[in-house]
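Report on one structure; see the data block that follows.
The values are calculated or read from the model by the stated rules, or taken from the named source; none is laboratory data. All of these numbers come straight from a predicted model, not from anything done at the bench. As a convention, Cβ positions derive from the backbone with ideal geometry for all residues, glycine included, and neighbour counts pool all protein chains shown.
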């Protein structure tokens, strides 16, 4: 009887352990199910956020069309035109024309910062066969490359999707803000385009000599453009978003400025090719400090942390030493090398990984960071993963 009682206790104990084990397994499954559901919910939220963003753009566009419709145009005509533009009915090649001053106002870049999931990451390492590229920017999941005579648009897979052409067009720099803004040395203007590369407006000619770099200030709703390539003419011209000239800054301070960028901390960064430096100014253009680069600054951009990315090159027209540097703490001149291309010796192959690099464009998708590099000597755009 004692043996049976002990066996019964053992069986009951084993049954209790088994029940506890099953409960634990069930709990683990439930927890895993909850994790899966949370992941699926996050994916759904991301998709709905993208849909909401697209719907918001369409509503904004429809409102702008109704506001700026010509007086002799009926509401039904405007609605038809709006529908056509939203569905993307445009030709692959856009030729030079008079340009319209009305049309879609693009969503501000700050949405890409607050909702990075609305962006798409680039899936290519380089785009080859680009003749005389000057600068690059991204606008509504498209990559726009400025070249002599035109602008080329690519998707995030590196496929060319459309272009703008104009004889004698000499673009220098691009800005993606409420629209695509491009400085043109030939017309001495800032030219604005919508996302389908239809020209919207030109402004600034009476106030600029050789327009170069361009940036914007969301808080003031203004655009700032570098103009002039010598100390006696170089300055920063300020315009409203509609193209009205306001004033100039930095007269007799710059020698050969190429690019200007505004940080999220309200500081202006100006790269000076001749002085081999990047000057930093406050939001009212009071001088703050200088980052000495010791080589010619050709391309520049900044990220949302205030880091500076600069394309540097030794003097000379033949193959020279070039590099791309990131200044992590600009005020302390702390930097790190991202890529360098040494000057080839007489016996070496003359091909270089960087050759007369021009524009740089920092791009972020979620936790991933990229630097787009315009490489004219190699006739390409390359992408560096940071």
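Numbers at a glance
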{"item": "Which listed residue is modelled with pLDDT of 95 or more and in a loop (DSSP other than H, G, I, E, B), from 158, 213, 168", "result": "158"}
{"item": "Any hit, the stretch 256-269, residues being out of contact with any strand residue (DSSP E or B) (no Cβ under 6 Å at 6 or more places or on another chain), surrounded by fewer than 17 Cβ atoms within 10 Å (Cβ to Cβ) and under 21 Å from residue 181 (Cα atoms)", "result": "yes"}
{"item": "Which numbered condition residue 99 fails, given (1) in a loop (DSSP other than H, G, I, E, B); (2) modelled with pLDDT of 90 or more", "result": "(2)"}
{"item": "Any chance residue 136 is touching a residue at least 24 places away in the same chain (Cβ under 8 Å), surrounded by 23 or more Cβ atoms within 10 Å (Cβ to Cβ) and farther than 21 Å from residue 208 by Cβ", "result": "yes"}
{"item": "Residue that is surrounded by the most Cβ atoms within 10 Å (Cβ to Cβ) [pool: residues in the stretch 289-307 that are under 14 Å from residue 261 (Cβ atoms) and free of Cβ contacts under 8 Å to residues at least 40 places away in the same chain]", "result": "297"}
{"item": "Scan of the stretch 155-168 for residues that are more than 13 Å from residue 198 (Cα to Cα) and in contact (Cβ under 8 Å) with a residue 40 or more places away in the chain, ordered by number", "result": "161, 167"}
{"item": "Candidates 202, 219, 247, filtered to the one that is assigned by TED's automatic domain parsing to the domain that holds residue 359, more than 24 Å from residue 146 (Cα to Cα) and assigned to a strand (DSSP E or B)", "result": "247"}
{"item": "Some residue of the stretch 235-242 being modelled with pLDDT under 95, in the same structural domain as residue 376 (by TED's automatic domain parsing) and more than 28 Å from residue 303 (Cβ to Cβ)", "result": "yes"}
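Let's see how each residue does on (1) surrounded by fewer than 18 Cβ atoms within 10 Å (Cβ to Cβ); (2) touching a strand residue (DSSP E or B) at 6+ places or on another chain (Cβ under 9 Å); (3) within 27 Å of residue 380 (Cβ to Cβ):
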site	(1), (2), (3)
143	no, yes, yes
147	no, yes, yes
152	no, yes, yes
176	no, yes, yes
189	no, yes, no
197	no, yes, yes
211	no, yes, yes
222	yes, yes, no
227	no, yes, no
